Amino acid sequence: QVQLVESGGGLVQPGGSLRLSCAASRSIGSAYAMAWHRQAPGKQREFIASISSAGSTNYADSVKGRFVISRDSAENTVYLQMNSLKPEDTAVYYCRYLTTMGNYWGQGTQVTVSS
């Protein structure tokens, strides 16, 4: 089992920034990738960004150029730096730990972009 704890969400004005953190109970080096997803009210959960064990990153078109995923292997933590936030970024953001034996999810952190 892997426990994931997200933090850093909150209320921010349009154009603002937030940094989300995801702390894992197991070494993130054991995952072949770490990812962020989000789910807005009434919508399906969607992929936002991922970082592989080799450090390769991938982003959804909707956040490319605004969000940056990174990791600190020593701290077993993955981050999502979110800039130029828009109201449509409002959602619960989830961290995901991917292994060949299965995936693990955090409980989510709410991000609300509103003036």
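The values are calculated or read from the model by the stated rules, or taken from the named source; none is laboratory data. Worth saying up front: this structure is predicted, and the values here are computed from it rather than measured. Neighbour counts run over all protein chains shown; Cβ positions are idealised from the backbone, glycine included.
Take the stretch 16-38 and flag every residue that is touching a Phe, Trp or Tyr at 6+ places or on another chain (Cβ under 7 Å) and assigned to a strand (DSSP E or B). Matches in the stretch 16-38: R19, L20, S21, A24, M34, A35, W36, H37, R38. The residues in the stretch 1-23 that are at pLDDT 95 or above, surrounded by 15 or more Cβ atoms within 10 Å (Cβ to Cβ) and within 15 Å of Y104 (Cβ to Cβ) can be counted, and the count is 4.
Each row is one residue, and each column tells you yes or no for (1) in contact (Cβ under 8 Å) with a residue 24 or more places away in the chain; (2) within 16 Å of the chain's Cα centre (by Cα); (3) closer than 22 Å to Q3 by Cα.
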residue	(1), (2), (3)
A40	yes, yes, no
Y59	no, yes, no
L80	yes, yes, yes
G102	no, no, yes
Q110	yes, yes, yes
